[in-house]
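The values are calculated or read from the model by the stated rules, or taken from the named source; none is laboratory data. This structure is a prediction, so every number in the text was calculated from the model and none was measured. With ideal geometry, Cβ positions are generated from the backbone for all residues, glycine too; neighbour counts draw on all protein chains shown. Note: areas computed on protein heavy atoms with side chains; ligands, DNA, RNA excluded. Shrake-Rupley method; radii C 1.70, N 1.55, O 1.52, S 1.80 Å.
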Amino acid sequence: MKLDLYEIAEVLSAKNDVTQFENVALRNAEFDSRLIESGDLFVPLKGARDGHDFIATAFAQGAAATLSERPVAEGAYILVDDVLTAFQRLAQYYLEKMQVDVLAVTGSNGKTTTKDMLAQLLATTYKTYKTQGNYNNEIGLPYTVLHMPEDTEKLVLEMGQDHLGDIHLLSELAKPKTGIVTLVGEAHLEFFGSRAEIAQGKMQIADGLRKDGLLIVPADKIVNEFLPADCKLVRFGPDADIFLMRLEERKDSLSFDCNFLEQRIDLPVTGKYNATNAMIAAYAALQEGVERKDSLSFECNFLEQRIDLPVTGKYNATNAMIAAYAALQEGVSEEAIAQAFSELELTRNRTEWKKAGNGADILSDVYNANPTAMRLILETFSTIPANPGGRKLAVLADMKELGADAKSMHGSMITSLNPEIVTDLFLYGQDMEALYDYAKEIYPPGKVQYFIKNDEKDQFEQLKQAVREKLTPADQILLKGSNSMNLAKLVEDLEDGN
Ligand code: 2GN
């Protein structure tokens, strides 16, 4: 981060006199005190806990300065009215200062894929940085901006919307040169009244678009009434500005597991004999060191070359086409585009909907955990409509490295739980015992179960057994915890029906 204390104070119109502190270069901005390293700026946001409570910890970790809404004794601080607004303003200023081209992507489905593809295409030719993980909201986006390497030329930002108006704020902050709306469909995690409202929300990506900016949208009349007047507009879809031709999907019409392969196999054929033959062939190929790859290829009206990429699905082809068009506009050569696609790597979505072997819906968020993120997902999960005849269950495991207050922070999750909505709880890990103590007071008998995991004892198998006994095909189940709690394994076993 190329910013120093006095510069930040000026940009944010600090309400205190910062010349009482030495002017220092700030290395990085962090809102999780666990991530603070020497020379960083601490950003005390309000999450499940108020970040201001951790200012002393941040300085102990080596923070060089902090933003703050009140005077601070421990070190250099920049006094502001609202830390979140200040954080967003700082990111906005930083983008202007660094003269980075922003390409922004939003949509209900496929925005992560499109973002990844686009970033990889741009990276063939430019220093490119992109949104990591789910850092696509009013906190994650400014964080992404302030964490881009100093030599970044192109920044690909994902913009997520939980509420109407979210994308407006993000677009005004980032001032995209290119705005992309992938799909205007119904997404699992959204609560808008209608498709039109979703479209309106997504189209706010144009609100901060640069004057000569490019807007790429679906050729869907639902977006028409939200189109801005002064931009270059490109629509995608059949017979629109950009479209697919001769799409070859190696379509999944048969799938199977077998004992010697980790992965489920999907095949473009049907019939039990074919499955058996394929299994034999897969075994033989494995002996030869051959890996099976899913792929698709297509041509489109604005490229000379046929594009091959190692993923399947028509949405992916459309997303690839959009990314190719945007990259071409940025001056990436067609050869570089074709090459980058053939080597494509996509990030796995951290929060994923999956299907259990028995048909139940799994909401899996098992790679990191802090109190805010756990609260957010519990609240989101509680708002999603239940399946007809189905219940909502949750497996919550320890959040690691929360320090001396860990137990109370686990216990405080009780305020995001309603026994009438999330009816069955499985709590797993040492610190979750604190939540168990509260939960058993408000849940009916048998509805909360606790499982131990410590150095001596691990009740993973008991946990799995208990979940399997309760989970019916119409249920939805949330799994959330720190990576080291191994819930990823539980998700996998549930998917496989083990
Ligand atoms: O949901 S998020 O993860 N998000 C990030 C942006 O992109 C989208 C997703 C998220 C996380 C959001 Cl939106 C907002 C916040 Cl504020 C956070 C977040 O990091 N919250 C955190 C806490 C809370 N509440 S991180 C964190 C770490 N902290 C505990 C509280 C907390 C560790 C800690 C524990 C104990 C001490 C110090 C630090 C301590 N000090 N104990 N005694 N003295």
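Between residues in the range 445-471 that are without any contact (Cβ under 8 Å) to a residue 12 or more places away in the chain and farther than 11 Å from VAL395 by Cα and residues that are among the polar types (S, T, N, Q) and assigned to a strand (DSSP E or B), which pairs lie under 9 Å by C-beta distance while being six or more apart or on different chains?
Between residues of the range 445-471 that are without any contact (Cβ under 8 Å) to a residue 12 or more places away in the chain and farther than 11 Å from VAL395 by Cα and residues that are among the polar types (S, T, N, Q) and assigned to a strand (DSSP E or B), the close pairs are GLN462/GLN449.
If you scan the range 107-142, which residues turn out to be away from the ligand (no atom under 13 Å from the Cβ), under 17 Å from the mean Cα position of the chain (by Cα) and modelled with pLDDT of 90 or more?
Matches in the range 107-142: TYR129, LYS130.
Quick grid of which residues meet (1) in contact (Cβ under 8 Å) with a residue 40 or more places away in the chain; (2) closer than 17 Å to SER13 by Cβ:
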{"site": "ARG27", "(1), (2)": "no, no"}
{"site": "LEU35", "(1), (2)": "no, no"}
{"site": "ASP40", "(1), (2)": "no, no"}
{"site": "ALA60", "(1), (2)": "no, no"}
{"site": "GLN92", "(1), (2)": "yes, yes"}
{"site": "VAL102", "(1), (2)": "yes, no"}
{"site": "VAL105", "(1), (2)": "yes, no"}
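Go through the range 1-13 residue by residue and tally those that are within 17 Å of TYR143 (Cα to Cα) and in a loop (DSSP other than H, G, I, E, B).
Of the residues in the range 1-13, 3 are within 17 Å of TYR143 (Cα to Cα) and in a loop (DSSP other than H, G, I, E, B).
Would it be correct to say that ILE362 is β-branched (Val, Ile, Thr) and outside any helix (DSSP H, G or I)?
On the way: β-branched (Val, Ile, Thr): yes; outside any helix (DSSP H, G or I): yes.
Considered against the rule, which asks whether it is β-branched (Val, Ile, Thr) and outside any helix (DSSP H, G or I), ILE362 comes out as yes.
On the basis of being open to solvent by 10 Å² or more (accessible area, probe 1.4 Å) and within 16 Å of the ligand (Cβ to nearest atom), does TYR93 make the cut?
Values: open to solvent by 10 Å² or more (accessible area, probe 1.4 Å): yes; within 16 Å of the ligand (Cβ to nearest atom): no.
Here the answer is no, as TYR93 does not meet what is asked.
In the range 33-47, which residue that is open to solvent by 30 Å² or more (accessible area, probe 1.4 Å) and in a loop (DSSP other than H, G, I, E, B) is farthest from the ligand (Cβ to nearest atom)? Before the answer, list the steps.
Of the range 33-47, the ones open to solvent by 30 Å² or more (accessible area, probe 1.4 Å) are 34-35, 37-38, 46-47.
With the extra rule that they be in a loop (DSSP other than H, G, I, E, B), the set shrinks to 37-38, 47.
Details: GLU37: 14, SER38: 17, GLY47: 3 Å.
Ranking the candidates gives SER38 first.
Condition test on LYS407, is it out of contact with any Phe, Trp or Tyr (no Cβ under 7 Å at 6 or more places or on another chain), without any contact (Cβ under 8 Å) to a residue 60 or more places away in the chain, within 23 Å of GLN459 (Cβ to Cβ) and among the basic types (Lys, Arg)? It would help to see each step written out before you state the result.
Working: out of contact with any Phe, Trp or Tyr (no Cβ under 7 Å at 6 or more places or on another chain): yes; without any contact (Cβ under 8 Å) to a residue 60 or more places away in the chain: yes; within 23 Å of GLN459 (Cβ to Cβ): yes; among the basic types (Lys, Arg): yes.
For LYS407, the condition - out of contact with any Phe, Trp or Tyr (no Cβ under 7 Å at 6 or more places or on another chain), without any contact (Cβ under 8 Å) to a residue 60 or more places away in the chain, within 23 Å of GLN459 (Cβ to Cβ) and among the basic types (Lys, Arg) - is met.
For the subset of the range 48-63 comprising residues that are more than 9 Å from the ligand (Cβ to nearest atom) and open to solvent by less than 30 Å² (accessible area, probe 1.4 Å), which member is farthest from the chain's Cα centre (by Cα)?
Checking each candidate, the answer is GLY62.
Does ILE280 satisfy the criteria of being modelled with pLDDT of 70 or more, of a type outside the set (Gly, Ala, Ser) and either part of a helix (DSSP H, G or I) or surrounded by fewer than 18 Cβ atoms within 10 Å (Cβ to Cβ) (or both)?
no
How many of the residues in the range 349-368 are within 16 Å of the ligand (Cβ to nearest atom) and open to solvent by 10 Å² or more (accessible area, probe 1.4 Å)?
Going through the range 349-368 one residue at a time, the tally reaches 7.
Exactly one condition in (1) open to solvent by less than 30 Å² (accessible area, probe 1.4 Å); (2) more than 14 Å from LEU378 (Cβ to Cβ); (3) out of contact with any Lys or Arg (no Cβ under 9 Å at 6 or more places or on another chain) is false for LEU417; which is it?
Just one mismatch for LEU417, condition (2).
Out of ASP455, ASP475, ASP424, which single residue is surrounded by fewer than 18 Cβ atoms within 10 Å (Cβ to Cβ) and either in contact with a Gly (Cβ under 7 Å, 6 or more places away or on another chain) or of a type outside the set (Gly, Ala, Ser) (or both)? Don't jump to the end; show me each part of the working.
Numbers: ASP475 fails: surrounded by fewer than 18 Cβ atoms within 10 Å (Cβ to Cβ); ASP424 fails: surrounded by fewer than 18 Cβ atoms within 10 Å (Cβ to Cβ).
Answer to the check: ASP455.
Sort out which residues of the range 14-32 are surrounded by fewer than 20 Cβ atoms within 10 Å (Cβ to Cβ), of a type in the set (Asp, Glu) and either within 19 Å of GLY140 (Cα to Cα) or within 14 Å of the ligand (Cβ to nearest atom) (or both), and write them in order of number.
ASP32
How many residues are out of contact with any strand residue (DSSP E or B) (no Cβ under 6 Å at 6 or more places or on another chain) and open to solvent by less than 10 Å² (accessible area, probe 1.4 Å) if we restrict to the range 370-399?
Qualifying residue count for the region: 4.
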